[in-house]
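Asks: Have a look at the structure that comes next, please.
The values are calculated or read from the model by the stated rules, or taken from the named source; none is laboratory data. A quick note: this is a predicted structure, and the numbers were derived from the prediction, not measured. Cβ sites come from the backbone with ideal geometry, for glycine too, and all protein chains shown count toward neighbours. Side chains are part of the model used for accessible areas, which takes the heavy atoms of the whole protein and leaves out ligands, DNA and RNA. Shrake-Rupley method; radii C 1.70, N 1.55, O 1.52, S 1.80 Å.
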Amino acid sequence: MVKREIAGKYRGSFMGIFWSLLTPIFMLMVYTFVFGIVFKSRWNAGSYSTSEFAMVLFVGLMVFNLFAECINRASNLIISNVNYVKKVIFPLEILPVVALGSALFNLLVSFVVWLAFYLVLFGLPEITILLFPILLLPLLLLILGLSWFLASLGVFVRDVSQFINIVTTALMFLSPIFYPVSAVPEKFHSLMYANPITPVVEQVRGALLWGTTPDWGSFVSTLLVTFIIAWLGFAWFQKTRKGFADVI
């Protein structure tokens with residue numbers, strides 16, 4: 001189903017799946033121009049050139065786009081697959097997993113683009129780059145938990161999708177993607193770290209760019225919390241799914 005969804009997304013277009021490669025390159029150029037050249041943004045008091053800033057920025061966008069792509073789609077997953085609800089016996093709980101699989105493919109393409117640029121500009125990355133998939137685990141569990149919850153809620157409350165689009169847009173600018181947490185006044189640091197995307201962005205950025213490893217105690221704690229969120233989201237979905245056919 002993941003393969004079919006990826007193929008269906010580009011079916012009929014002239015360049016097909018090449019768009020998945022072109023889009024992150026284009027967005028990297030746009031964001032780098034706006035924040036690196038127009039606003040002259042730099043990471044940590046101007047210690048990074050425009051090209052280095054672009055690499056830092058792109059890592060944050062890779063993580064956030066994975067989250068936003070799944071969450072923005074979640075509330076419409078059941079509504080857009082009515083046939084699975086009414087006409088066949090189908091494990092509806094896998095629909096958020098399929099959406100996540102499709103988003104992970106886009107993340108993989110973006111990572112290849114980032115790695116290619118990094119190799120050209122700076123050479124071989126740090127060995128900690130191998131931690132990348134491990135550091136994503138808490139985010140993947142969080143995405144699944146929220147997706148199961150929103151997919152169910154979206155059946156009963158159709159306004160959810162509009163609200164979620166606003167929330168994800170706000171989260172993009174409230175996450176340390178275009179700026180480091182150190183650039184935010186200290187009194188707002190607790191608010192920044194209340195954002196579940198913040199620790200993942202910082203840990204992935206540290207592993208890919210600066211060769212740092214995360215605080216494993218904090219990582220395991222986050223992993224446990226997101227596992228609980230995923231379990232609760234799944235339990236909610238299973239409890240409410242009996243009412244889908246009546247509402248749709």
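Asks: What pairs come out if I take residues in segment 161-186 that are free of Cβ contacts under 8 Å to residues at least 12 places away in the same chain and pair them with residues that are of a type in the set (A, V, I, L, M) and open to solvent by less than 70 Å² (accessible area, probe 1.4 Å) whose C-beta lies under 6 Å away, six or more apart or interchain?
Replies: Sorted first by the residue in segment 161-186, then by its partner, the pairs are 184/192.
Asks: Restricting to segment 165-217, give me the number of residues that are open to solvent by 70 Å² or more (accessible area, probe 1.4 Å) and within 17 Å of the chain's Cα centre (by Cα).
Replies: 6
Asks: Inspect segment 103-113 for any residue being buried (at least 19 other Cβ atoms within 10 Å of the Cβ) and in contact with a Phe, Trp or Tyr (Cβ under 7 Å, 6 or more places away or on another chain) and give the result as yes or no.
Replies: No, segment 103-113 contains no residue that is buried (at least 19 other Cβ atoms within 10 Å of the Cβ) and in contact with a Phe, Trp or Tyr (Cβ under 7 Å, 6 or more places away or on another chain).
Asks: If you go through segment 81-102 one residue at a time, how many are within 14 Å of the chain's Cα centre (by Cα) and either open to solvent by less than 30 Å² (accessible area, probe 1.4 Å) or under 22 Å from residue 29 (Cβ atoms) (or both)?
Replies: 5
Asks: Does residue 129 satisfy the condition of being within 14 Å of residue 196 (Cβ to Cβ) and in a helix (DSSP H, G or I)?
Replies: no
Asks: Can you tell me which residue among 146, 121, 150, 139 is at pLDDT below 90, touching a helix residue (DSSP H, G or I) at 6+ places or on another chain (Cβ under 7 Å) and assigned to a helix (DSSP H, G or I)?
Replies: None of the other options fit; the residue is 121.
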